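Contents: one structure, followed by commentary.
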């Protein structure tokens, strides 16, 4: 039924999100996942609608914050910050911002925001590679 279809869609979106490193593309996957989590419904969105749906996600997540939804409310705020950053980044890339901007640094900051947001939306982000690097550094010392 409907629940099985939602679960399958969620798994498909999480699967796509797992390997996604491009912040605009990741955002396009994360907003429908967040909406699914707060509304229990699937949504297909063109990029220009992400902001409006994100506002709705934030409102519903904030309303649920008192009922144990504080983590979701924090994730919604993080998604809103990512959305603002992605919009600025895309404007800077297209040159419509009017100012000379280091888009490489912007992209790095946006990419750094992805892992905690992915984890908040239910993706098991591999932390093993980090601990492996720390172990290798400890062995070198």
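Annotation: residue 92 fulfils all but one of (1) over 17 Å from the mean Cα position of the chain (by Cα); (2) surrounded by fewer than 18 Cβ atoms within 10 Å (Cβ to Cβ); (3) modelled with pLDDT of 90 or more; the unmet one is (2). Residue 87 meets each of the listed conditions (1) over 13 Å from the mean Cα position of the chain (by Cα); (2) under 25 Å from residue 4 (Cβ atoms) apart from (2).
Of the residues 58, 21, which is within 20 Å of residue 119 (Cβ to Cβ) and not in a helix (DSSP H, G or I)? Selected residue: 21, the only one of 58, 21 that is within 20 Å of residue 119 (Cβ to Cβ) and not in a helix (DSSP H, G or I).
Check the stretch 12-19 and report whether any residue there is farther than 16 Å from residue 121 by Cβ and out of contact with any helix residue (DSSP H, G or I) (no Cβ under 7 Å at 6 or more places or on another chain). The answer is no, given that none of the residues of the stretch 12-19 is farther than 16 Å from residue 121 by Cβ and out of contact with any helix residue (DSSP H, G or I) (no Cβ under 7 Å at 6 or more places or on another chain).
The requirement of being in contact (Cβ under 8 Å) with a residue 40 or more places away in the chain and outside any helix (DSSP H, G or I) is fulfilled nowhere in the stretch 63-83; no residue meets it. Search the stretch 79-89 for residues being out of contact with any helix residue (DSSP H, G or I) (no Cβ under 6 Å at 6 or more places or on another chain) and over 21 Å from residue 123 (Cβ atoms), and hand back the single one that is surrounded by the fewest Cβ atoms within 10 Å (Cβ to Cβ). If we take residues in the stretch 79-89 being out of contact with any helix residue (DSSP H, G or I) (no Cβ under 6 Å at 6 or more places or on another chain) and over 21 Å from residue 123 (Cβ atoms), then 84 is surrounded by the fewest Cβ atoms within 10 Å (Cβ to Cβ).
Matching residues to (1) surrounded by fewer than 19 Cβ atoms within 10 Å (Cβ to Cβ); (2) under 23 Å from residue 2 (Cβ atoms); (3) in contact with a strand residue (DSSP E or B) (Cβ under 6 Å, 6 or more places away or on another chain):
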position	(1), (2), (3)
15	yes, yes, no
19	yes, no, no
25	yes, no, no
31	no, yes, no
34	no, yes, no
43	yes, yes, no
48	yes, no, no
53	yes, yes, no
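One residue stands out in the stretch 55-78 among those that are within 22 Å of residue 110 (Cβ to Cβ) and out of contact with any helix residue (DSSP H, G or I) (no Cβ under 6 Å at 6 or more places or on another chain): the one that is surrounded by the most Cβ atoms within 10 Å (Cβ to Cβ), namely 74.
The values are calculated or read from the model by the stated rules, or taken from the named source; none is laboratory data. Model, not experiment: these values are computed from the prediction. Glycine gets a Cβ as well: all are built from the backbone with ideal geometry, and neighbour counts include every protein chain shown.
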